[in-house]
Amino acid sequence: MKVDLSFAIGGFQGGGIESAGQIALRAFVLKGYEVFGSREFHSNIIGAHSYFHIRVGGKALKLPLNALIALDAESIFTHLQNLGDGALLVCDEHSLKTKVSEIPSMSRSLKKRIEQAHGDLTLEKILANYKIRVVAISMKDLLKELIAGGQSLSISRVLNVMGTSVGLYLLGLDKETIKKAIEKQFTDSQTNLRAMEMAIKEVEELDRKELPDGKKEDKLILSGNEAVAMAKISSGLEFLSFYPITPATDESLYIEKNGKAITIQAEDEISAIAMALGASLAGLRASTSTSGPGFSLMNEMISFAVQAEIPIVITLWMRASPSTGIATRTSQQDLLHSIFSGHGDTQKVVIASGDHREAIEDTIKAFELAEEFQIPVIHLLDKFIASSITAIDKTAFRNLPNRKFNGESEGYLRYKLTEDGISPFLPVGRATMIVSSLEHDEYGFATEDPVDREKMMLKRIRKFEKLAKSVSKESYCVYGEKEAEITLVSFGSTKNAILEAIEELDVSTKFIQLRILNPFPDLSKEMVGKVICIESNAGQLSFLLRGRVDGIVRKLNARPIYVNEVVKAVKDFLSGKKEVIMSEGV
């Protein structure tokens, strides 16, 4: 039986939404299903609406929702528009008496839109016009009962477990599976298990269909941050420096806690990348991690890394910008920034990952390219991947051999002119050399001689040409029909939404997913039929494909791309539209 569910768990920020989502994900994994979950939260408001969107049976998010587990009234108001016919709503019965005007934490804009649509009616009256199944239990009464039973006062934190347990049970999971998921989530789970039992007892007499077991496998449940961090550890990372910034920080903190690498929180991003470059010169496998504003500060050091030919992996987690923008929401707005970072002829590699597995593979690949070609490699990801969670096969990880060095200490030329542009590399300390940001001769002495300058420019060009040739076959992936009517072109985290959309479209469609964006591959032989570019920015990839794009589909609201809106966007294009804005998401 094919199981395809899309549901959300919503509540106030700080109310255990992360734990609730993790329990739901773990439960469906234990049951043997493919799962994918994404967390949406505010950047600076404790108590504001937060939610975990979970897809069962697919790798991308879909709307409308089949169910909403609402831990407060604001969650119901916020997601009303996302509920499909027949959807399940699990909530506290007290929420149904609430009017939107009584919710102080809701944004003024959303409150105004709800009042325009429904007036200032209670939720109970509004929901009467929806074709949904409402299951309201008195979570507050259950809490009182739990406290009366002698449980600890921190019991208010079990509301999330109560709501989630009821929701998962009514969606078809058995109590034993839910119990195991709770036990895996909490070190001390006794209070939560008692809460689960009490909550499920309230709905045991209601109609439900129990889901059959899926294919049970031993997998790791990881966020994107954790996937990259673990890949760096398995790659043999020896030095990591960073300055805290959302959504990059969790990756660095995981490595600090679980890895063996020297991990330093620097005073700013300039220092962070400078430290990593110094460590790399000393022979360590080195990396730094940041997001848009921090990456801006790293630009001068990226130029230095190119000029001095120092290997480094820079993990760039994109978020909604410019400037601080919306720090905890997603976008793909640093594509051009990454490709054109630095000044002068700053050749570097830019790799973009489409999901968690690719994030692992690309992290390892980034170290290989950086060290083989003595060049900065920018690994481009986004907040959507950073905070989304899925189950990963352990075979995705592989170990890298220790970093290789070559060259003789005696008469060592750090920038020796070679046919392929790659000079011998010895760590500082093993040979005498000069490393600076200045143009130099083979030894490293600064020079402004026109002949030396031309030779060094040509050396770096030859190196990049060799790199471009070596990665040409893995620069992009092609899915779908070879000779299709429609070619979709995209990069990064839009991948799985597009792949699922292709399956639902009734027109022959091809998808080109760009994996390496610098050096930019030649797509001329692959782009057949009408070409549509899909991206979460104002049109940066379209700019790079200029002259060959027939339609642009953009997402600008800092929310993930959903399968259903890709399907609709392609249909809109076929009906004559040249530009489509996708606006789903709350």
Original post:
Would you pick out the residues in the range 197-225 that are in contact with a Leu (Cβ under 7 Å, 6 or more places away or on another chain) and either loosely packed, with under 11 Cβ neighbours inside 10 Å or not hydrophobic (A, V, I, L, M, F, W, C) (or both)?
Top reply: Arg208, Gly224
**OP:** Kindly provide the set of residues from the range 342-355 that are buried (at least 24 other Cβ atoms within 10 Å of the Cβ) and either hydroxyl-bearing (Ser, Thr, Tyr) or free of Cβ contacts under 8 Å to residues at least 24 places away in the same chain (or both), ordered by number.
**Re:** Ser353
Original post:
So which of Ile46, Ile69 is farther than 20 Å from Ala117 by Cα, at pLDDT below 95 and either within 25 Å of the chain's Cα centre (by Cα) or outside any loop (DSSP other than H, G, I, E, B) (or both)?
Top reply: Ile46
Original post:
Can you pull out the residues in the range 174-196 that are more than 19 Å from Asp141 (Cα to Cα), open to solvent by less than 50 Å² (accessible area, probe 1.4 Å) and modelled with pLDDT of 95 or more?
Top reply: Asp174, Thr177, Ile178, Ala181, Ile182
**OP:** Scan the range 366-418 residue by residue and report those that are within 30 Å of Ser303 (Cβ to Cβ), of a type outside the set (D, E, K, R) and part of a strand (DSSP E or B).
**Re:** Pro376, Val377, Ile378, His379, Leu380, Leu381
**OP:** Check Ser235 against each of (1) in contact (Cβ under 8 Å) with a residue 24 or more places away in the chain; (2) in contact with a strand residue (DSSP E or B) (Cβ under 7 Å, 6 or more places away or on another chain) and name the one condition it does not meet.
**Re:** (2)
Original post:
Within the range 497-513, how many residues are surrounded by fewer than 20 Cβ atoms within 10 Å (Cβ to Cβ) and either in a helix (DSSP H, G or I) or charged (D, E, K, R) (or both)?
Top reply: 3
**OP:** List the number of the failed condition for Ile326; all other conditions in (1) among the hydrophobic types (A, V, I, L, M, F, W, C); (2) crowded, with 24+ Cβ neighbours inside 10 Å; (3) farther than 22 Å from Phe543 by Cβ hold.
**Re:** (2)
Original post:
Only one of Ala274, Ala266, Ala261 is free of Cβ contacts under 8 Å to residues at least 40 places away in the same chain, in contact with an Asp or Glu (Cβ under 6 Å, 6 or more places away or on another chain) and of a type in the set (Gly, Ala, Ser); which?
Top reply: Ala261
Original post:
Residues of the range 227-253 being surrounded by fewer than 21 Cβ atoms within 10 Å (Cβ to Cβ) and assigned to a helix (DSSP H, G or I), which ones?
Top reply: Ile233, Ser234, Thr249, Asp250, Leu253
Subject >> Residue satisfying condition, being farther than 24 Å from Asn160 by Cα and either surrounded by fewer than 17 Cβ atoms within 10 Å (Cβ to Cβ) or without any contact (Cβ under 8 Å) to a residue 60 or more places away in the chain (or both), within set Arg113, Arg133 >> reply: Arg113
Original post:
Is one or more of the residues making up the range 364-376 in contact with a His (Cβ under 8 Å, 6 or more places away or on another chain), under 27 Å from Pro521 (Cβ atoms) and crowded, with 20+ Cβ neighbours inside 10 Å?
Top reply: yes
**OP:** Give the residues of the range 524-542 that are open to solvent by 10 Å² or more (accessible area, probe 1.4 Å) and either in contact with a Phe, Trp or Tyr (Cβ under 7 Å, 6 or more places away or on another chain) or among the hydrophobic types (A, V, I, L, M, F, W, C) (or both), sorted by residue number.
**Re:** Met527, Val528, Ala538
Original post:
Could you count how many residues in the range 109-131 are within 22 Å of Glu93 (Cβ to Cβ) and either in a helix (DSSP H, G or I) or of a type in the set (A, V, I, L, M, F, W, C) (or both)?
Top reply: 9
**OP:** Taking Asp92 as meeting all but one of (1) under 22 Å from the mean Cα position of the chain (by Cα); (2) touching a residue at least 60 places away in the same chain (Cβ under 8 Å), write down the number of the exception.
**Re:** (1)
**OP:** Go through the range 263-290 and give me each residue that's out of contact with any helix residue (DSSP H, G or I) (no Cβ under 8 Å at 6 or more places or on another chain), farther than 18 Å from Ser437 by Cβ and either outside any loop (DSSP other than H, G, I, E, B) or open to solvent by 20 Å² or more (accessible area, probe 1.4 Å) (or both).
**Re:** Glu267, Leu284
Original post:
Is it the case that Lys144 is farther than 18 Å from Phe12 by Cα and within 29 Å of the chain's Cα centre (by Cα)?
Top reply: no
Original post:
Name the residues in the range 75-99 that are open to solvent by less than 20 Å² (accessible area, probe 1.4 Å), in contact with an Asp or Glu (Cβ under 8 Å, 6 or more places away or on another chain) and in a strand (DSSP E or B), would you?
Top reply: Asp92
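What residue, among those in the range 40-61 that are of a type in the set (D, E, K, R) and crowded, with 22+ Cβ neighbours inside 10 Å, is farthest from Arg26 (Cα to Cα)?
Only one residue fits best here, namely Glu40.
The values are calculated or read from the model by the stated rules, or taken from the named source; none is laboratory data. All figures in this text were calculated on a predicted structure; none of them were measured in a lab. Because the Cβ atoms are built from the backbone with ideal geometry, glycine has one as well, and the counts that use them run over all protein chains shown. Remember, those area values only see protein heavy atoms, side chains included, never the ligands or the DNA or RNA. Shrake-Rupley method; radii C 1.70, N 1.55, O 1.52, S 1.80 Å.
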